[in-house]
Amino acid sequence: MTDYHLPPSLETLEASITQWLAGFAAENPAFDAIDRGEAGEPEPRWYVRLRGEEKEHITIWITLGQRTLRYEAYVLPAPQENAAAVYEMALRRNGKLVGAHFAIGVEDALFLRGEIPLAWLTEPELDRIIGSLYSYTEQAFPGLIRLAFASKFA
């Protein structure tokens, strides 16, 4: 494998993503914050925080790799109750999702994840990714949280 990527260069894509995210934030009041990852990380990374309606905040991480753009949204902490049913509900939703899927992550938390080849990366595609993760999280969160923490809602 080479570190060579043509065209556009990774540096060009990195600048474009930064510009596109700034434009989205300027036009959409749901954007709460956009930040960059830690200095020295091997891959450029952005943190996008959106204000939700069902879920107070939706956090999305976007990572620019050598050949793909990876993205993930934090949906729910590890279920305290009904874990098997929560994971089953999420897995059943996967069949209706485009460009993302539910996955179990760190400390058994539930995430939405996906990736696309860099050749597909455009401003409208990045907008679709962010909008889809927002929508999928907002749709799934109420049912998942009530099941995962049922005694708190009794």
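Just so it is clear, none of the values below were taken in a lab; they were calculated from the coordinates. Small disclaimer: the values here were computed from a predicted structure and weren't measured. Glycine gets a Cβ as well: all are built from the backbone with ideal geometry, and neighbour counts include every protein chain shown.
Here the Karplus curve 6.51 cos²θ - 1.76 cosθ + 1.60, taken at θ = phi - 60°, turns the phi angles of region 110-122 into couplings of 9, 10, 9, 9, x, 7, 9, x, 4, 4, 8, 6, 9 Hz, with x standing for Gly and Pro. The phi torsions of region 128-139, fed into the Karplus equation with coefficients 6.51, -1.76 and 1.60 and a -60° offset, translate into couplings of 4, 4, 5, x, 5, 4, 4, 5, 4, 5, 4, 6 Hz, rounded to whole numbers, with Gly and Pro shown as x.
Axis of helix 10-27 versus longest Cα principal axis of the chain: the two differ by about 50°, to the nearest ten degrees.
Find the relative contact order for the chain and round it to a whole percent, using C-alpha pairs within less than 8 Å whose residues are 6+ positions apart.
21
Give the Kirkwood hydrodynamic radius (Å, one decimal) of region 10-149, defined as one over the mean of 1/r across all pairs of different Cα atoms. Can you show the working numbers first?
Working: mean 1/r = 0.0642 Å⁻¹.
Kirkwood radius, region 10-149: 15.6 Å.
What does the charge add up to near residue 138, with Lys and Arg as +1, Asp and Glu as -1, over the other residues with Cβ less than 10 Å from its Cβ? Counting the neighbours of residue 138, the net charge comes to -1. Dipole magnitude for region 10-149: computed about the Cα centre from +1 point charges on Lys and Arg Cβ and -1 point charges on Asp and Glu Cβ, it is near 400 debye.
Working note: Karplus 6.51/-1.76/1.60 with θ = phi - 60° gives region 140-154 the couplings 7, 4, x, x, 5, 5, 5, 7, 6, 9, 4, 5, 6, 9, 6 Hz, where Gly and Pro are set to x.
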